[in-house]
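Below: the structure, in structure tokens.
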């Protein structure tokens with residue numbers, strides 16, 4: 001696929017794909033990112049686009065799959081390490097997750113504090129890849145490249161870190177977290 005063909009796809013189906021991205025994300029900035037990533041992926045998969053069939057459905061499918069993958073990644077990362085907005089005047093207030101009842105707020109704050117404590121207690125070999133993966137969103141390959149270790153080592157360190165955090169949580173009464 002050359003630039004002219006991609007430009008034609010964007011002109012023909014761009015508004016529909018962008019509308020779909022907006023509907024999925026409910027956020028303009030996320031929709032912009034998803035839209036761009038969709039067409040980048042389409043450029044990657046250009047050999048699979050059949051102009052005789054519906055290329056718009058192919059583009060929508062790409063956007064939907066990318067959105068599902070992003071949510072899946074975010075869900076796992078969010079379970080392990082809560083994403084916190086950086087503030088210059090950071091204070092050690094607990095994280096307000098669910099404001100339904102004061103009890104749920106207290107339980108969630110305690111659980112996230114325990115996860116933070118458990119991850120901080122890990123040795124650097126386990127802690128650094130864990131933070132790189134969950135807090136900065138780096139891929140396993142990027143972490144391996146940055147730390148100059150094999151990807152299998154990164155995977156095993158992440159597994160060990162998760163296992164130790166889970167054991168810490170279970171010992172402290174948070175089974176199934």
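Given the conditions (1) loosely packed, with under 12 Cβ neighbours inside 10 Å; (2) modelled with pLDDT under 80; (3) under 30 Å from residue 24 (Cβ atoms), and given that residue 88 satisfies all but one, which numbered condition is not satisfied?
Only one criterion is unmet by residue 88, namely (3).
How many of the residues making up segment 37-54 are assigned to a helix (DSSP H, G or I) and at pLDDT 80 or above?
The total comes to 8.
Looking at (1) modelled with pLDDT under 75; (2) within 25 Å of the chain's Cα centre (by Cα); (3) assigned to a helix (DSSP H, G or I), find the lone condition where residue 83 falls short.
(3)
Does residue 34 meet the test of being assigned to a helix (DSSP H, G or I), at pLDDT 80 or above and within 23 Å of residue 9 (Cα to Cα)?
yes
I'd like to verify a number: residues in segment 99-129 that are exposed (fewer than 11 other Cβ atoms within 10 Å of the Cβ) and assigned to a helix (DSSP H, G or I), how many?
4
Please identify the pairs in which a residue from segment 60-71 that is farther than 17 Å from residue 48 by Cβ has its Cβ atom under 6 Å from the Cβ atom of a residue that is in a helix (DSSP H, G or I) and modelled with pLDDT under 80, counting only partners at least 6 apart or on another chain.
Taking only residues 6 or more apart or on different chains, the pairs are 67/24.
The values are calculated or read from the model by the stated rules, or taken from the named source; none is laboratory data. Everything numeric here is computed off the predicted structure, so don't read it as measured data. Glycine gets a Cβ as well: all are built from the backbone with ideal geometry, and neighbour counts include every protein chain shown.
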